[in-house]
Amino acid sequence: MKTSIDDFNNHLMNGLDFCKKAYALSENIRRSPGGIERLRLRKGKIEKKLIEELLPIALYIQAKYSHGRQIKVRWVDGNQSYDAYLLSAGALIDKRIVHKRQMVEVTTAVHENDHIERHLFNKHGGTFGVKGIQKDPQTGEYLSEPYVYTNNEAEEDLSRKILERIKAKNGIEYPKPTILIIQCFLDILFLEDEWDYAIQMVKRSWVVHKFHEIF
């Protein structure tokens, strides 16, 4: 199935069809000449929109779509203060547990060296992670060196990044109700209990925000 970004922009569609199209677009790019590099570096608009907006929205829809909530989605490529809006129907909406109409905003929690790491990985085939990246003062080139995490350092880093994104987005005016989706790019591999620990740290911070839901 051939899919392009134009198949999404301002088209209202069933949420599961949206997911299918997003995954098809990813696969089409991956299989195209230089596709893996394009996805890794995200230099083009299509790759950037796919990874930073379409795929996170697809994951949200998959998590929320059920017998009690059928979802339609319209993704909008523009400068408006949201990335998409959802129209829901079903028992959860009839009982007013879920809003019929909701806006969606997507943001990313990621280390500031992530883009450098992706370039190094693409160039050399591997790195020692985002925290092991240093700039050589003599050559100006970035170097990747081993870095050892201690105790819950990685989880604490992630929780701080998530809180930073919530606070940053909280300063923007959004239509009500708006869902904030935070896509997390992890510095290292997380086990399930490590992920849960990071999310619990975010919840225990009791950060004040205006979003109807944070996913």
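The values are calculated or read from the model by the stated rules, or taken from the named source; none is laboratory data. The model shown is predicted, which means the values in this text are computed figures rather than measured ones. Virtual Cβ from ideal backbone geometry, glycine too; neighbours counted across all protein chains shown. For the accessible areas, the whole protein counts, side chains as well, though only heavy atoms, and no ligand, DNA or RNA atoms are used. Shrake-Rupley method; radii C 1.70, N 1.55, O 1.52, S 1.80 Å.
LYS169 satisfies every condition listed in (1) over 24 Å from TYR82 (Cα atoms); (2) in contact (Cβ under 8 Å) with a residue 60 or more places away in the chain except (1).
You will find that of GLU27, GLU53, the residue that is on the phi < 0 side of the Ramachandran plot and within 14 Å of the chain's Cα centre (by Cα) is GLU53 and no other.
Flag: GLU164 matches the condition of being modelled with pLDDT of 95 or more, open to solvent by 40 Å² or more (accessible area, probe 1.4 Å) and touching a strand residue (DSSP E or B) at 6+ places or on another chain (Cβ under 9 Å). Restricting attention to region 53-75, the residues that are open to solvent by 10 Å² or more (accessible area, probe 1.4 Å), assigned to a loop (DSSP other than H, G, I, E, B) and either touching a helix residue (DSSP H, G or I) at 6+ places or on another chain (Cβ under 7 Å) or closer than 27 Å to HIS115 by Cβ (or both) add up to 1. Sub-9 Å Cβ pairs linking a first residue in region 19-35 that is touching a residue at least 40 places away in the same chain (Cβ under 8 Å) to a second residue that is surrounded by fewer than 19 Cβ atoms within 10 Å (Cβ to Cβ) and assigned to a helix (DSSP H, G or I), at least 6 apart or interchain, are CYS19/LEU59; CYS19/GLN62, ordered by first then second residue.
Out of LYS123, LYS210, LYS135, LYS169, one residue alone is open to solvent by less than 50 Å² (accessible area, probe 1.4 Å) and not aliphatic (A, V, I, L, M). It is LYS169. Within region 167-184, the set of residues being within 30 Å of SER144 (Cα to Cα) and out of contact with any Lys or Arg (no Cβ under 9 Å at 6 or more places or on another chain) comprises ALA168, GLN183. Of all residues in region 76-91, those that are assigned to a strand (DSSP E or B) and either open to solvent by 30 Å² or more (accessible area, probe 1.4 Å) or under 21 Å from SER4 (Cβ atoms) (or both) total 4. Mind checking which residues of region 111-120 are open to solvent by 50 Å² or more (accessible area, probe 1.4 Å) and either in contact with a strand residue (DSSP E or B) (Cβ under 9 Å, 6 or more places away or on another chain) or on the phi > 0 side of the Ramachandran plot (or both)? Hit for region 111-120 is HIS119, nothing else.
The numbered conditions (1) touching a residue at least 24 places away in the same chain (Cβ under 8 Å); (2) surrounded by fewer than 17 Cβ atoms within 10 Å (Cβ to Cβ); (3) out of contact with any Asp or Glu (no Cβ under 7 Å at 6 or more places or on another chain) are all true for PRO146 except (1).
Of the residues in region 95-102, not one is in a loop (DSSP other than H, G, I, E, B) and in contact with a Gly (Cβ under 6 Å, 6 or more places away or on another chain).
Scanning region 92-109 for residues that are open to solvent by 50 Å² or more (accessible area, probe 1.4 Å) and in contact with a strand residue (DSSP E or B) (Cβ under 9 Å, 6 or more places away or on another chain) yields LEU92, ILE97, HIS99, LYS100, ARG101.
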